[in-house]
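Every read-out reported here was derived from the displayed coordinates using simple, explicitly stated rules and does not represent laboratory data. Note that the coordinates shown come from a computational prediction; the quantities given were computed from them, not determined experimentally. Note: ideal-geometry Cβ built from the backbone for every residue, glycine included; neighbour counts use all protein chains shown.
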Amino acid sequence: MATVKDFSVEEKLTAVLSLQKIDSKIDDIRTLKGELPMEVKDLEDEIEGLQTRINNIDTEINNINAFIETKTEAKKEAAALIKKYEKQQDNVKNNREFEAITKEMEMQELEVRLNEKHIKDATYEQKDRMNARIKTEEKIATVEETLKVKRSELEKISADTEKEEQQLTVKSEAAKEKVDPRLLTAYERIRTSYRNGLAVVPILRDSCGGCFNVIPPQRQSEIRQHKKIIVCEHCGRILVDSDLNDKVNAASK
Ligand SMILES: [Zn+2]
């Protein structure tokens, strides 16, 4: 069995062109799906972020609740002390004792008011957090709605094309094995550097099928001779003549 290295230039070109045609078909399917896979991923990430926000808000609400509980308890204690002092005032023996108790009562009244203020502020904060929670939940619902639409769009396209894409991927792998390793490396490098994924292009109307720069007649005839692999001097893509291009079909193995 011949190794890859024994193949003629024409066979090498045919092999890499076959691979290009298969890969271009895969590209077409991916173009059809467009930005959908990325959009779906972005929306999923957004929902995850919003869920985290809700969890954080819940922690804040719990902390505020605990704070209110503590302040309510402190207020109760101060109020109880005031009641106790009121009783003591009825049984004082002298003015000095009365004044001392009055001072204590005033301090506890201050304590009650201070706690009331804390509770009021915290209740306001609590409402604010509750509103933020509701808004975040509404946002999640909106994003989920969009995600549902995008997902079903993607699923529909995937269902239509999945089998074809799988078959083409298998074909692409098989075609790769037939390509000269050095040529394959060049092919893959060129392919990834262009958005349209074209690394092997035919001559179209005397021009490079990739960058559309004119190819001189002398060079065109060299390309037709299949004696060496020729790349476009402008874009670096591998060039083939239109006859070879027409002969090689992605559908055939
Ligand atoms: Zn070119």
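Taking square-rooted eigenvalues a ≥ b ≥ c of the alpha carbon gyration tensor, is the stretch 178-219 rounded, prolate or oblate, where a/c under 1.5 means rounded and, failing that, a/b exceeding b/c means prolate?
oblate
Stick to Cα atoms and the Kirkwood definition of Rh, then tell me Rg/Rh for the chain.
Ratio of gyration radius to Kirkwood radius for the chain: 1.53.
Give me Leu19, Leu154 ranked fewest to most by other Cβ atoms within 10 Å of their Cβ, as a rough exposure proxy.
In order of increasing Cβ crowding within 10 Å: Leu154, Leu19.
Can you list the lysines whose alpha carbon is less than 24 Å from that of Lys84, not counting same-chain residues fewer than 8 positions off?
Result set, ordered by chain and number: Lys71, Lys75, Lys76, Lys93, Lys103, Lys117.
Given R₀ = 45 Å, FRET efficiency for Asp58-Glu99 by Cβ-Cβ distance, to 0.05?
Once the sixth-power term is evaluated, E becomes 0.35.
Could you calculate the contour length gain from Lys127 to Arg182, that is, 0.36 nm times the residue separation minus the distance between their Cα atoms, to one decimal place in nm?
13.1 nm
Springs between alpha-carbon pairs under 10 angstrom, Gaussian network model over the chain: which of Asn91, Asn65, Asn56 fluctuates most?
Of the options given, Asn91 has the highest mean-square fluctuation.
Hey, in the GNM for the chain with a 10 angstrom Cα cutoff, which one of Met38, Met130, Met107 fluctuates hardest?
Met107
Need one number: the % of Cα-Cα pairs in the stretch 172-253 sitting beyond the 19 Å mark.
37 percent
Take the alpha carbon gyration tensor of the stretch 13-53, find the square roots of its eigenvalues, order them as a ≥ b ≥ c, and report rounded if a/c is under 1.5; if not, report prolate when a/b exceeds b/c, else oblate.
It is prolate, given that a/c is not under 1.5 and a/b is the larger ratio.
Which one, Ala15, Ala66, Ala199, has the greatest fluctuation when you compute a Gaussian network model over the chain with C-alpha springs under 10 angstrom?
In the Gaussian network model the winner is Ala66.
If you average 1/r over every pair of different alpha-carbon atoms in the stretch 44-115 and take one over that average, what Kirkwood value in Å do you get?
Final number for the Kirkwood radius of the stretch 44-115 is 15.2 Å.
Along its three principal axes, how long is the stretch 13-145 when you only count alpha carbons? Whole Å, largest extent first please.
Here the Cα extents, ordered largest to smallest, are 117, 26, 13 Å.
Over the chain, what relative contact order in percent results from Cα pairs under 8 Å that are six or more residues apart?
Across the chain, relative contact order equals 32 percent.
Could you list Val143, Val149 so that the one with the fewest beta carbons within 10 Å of its beta carbon is first and the one with the most is last?
If I rank by nearby Cβ atoms, fewest first, I get Val149, Val143.
By count of other Cβ within 10 Å, fewest leading, how are Arg205, Arg219 ordered?
In order of increasing Cβ crowding within 10 Å: Arg205, Arg219.
What spacing in nm lies between the two simple spin-label points modelled at Lys135 and Arg151, each 7 Å away from Cα in the Cβ direction?
Each label point lies 7 Å from its Cα, and together they span 2.7 nm.
In a solvent-free Debye calculation with one equal scatterer on each Cα, what is log10 I(q)/I(0) for the stretch 107-248 at q = 0.14 Å⁻¹, listed in the order of the q values?
Debye curve over Cα of the stretch 107-248, log10 I(q)/I(0) at q = 0.14 Å⁻¹: -0.86.
Straight distance only, please: which lysines reach the Cα of Lys156 with their own Cα at less than 18 Å, same-chain residues fewer than 8 apart left out?
Lys156 reaches Lys33, Lys41, Lys148.
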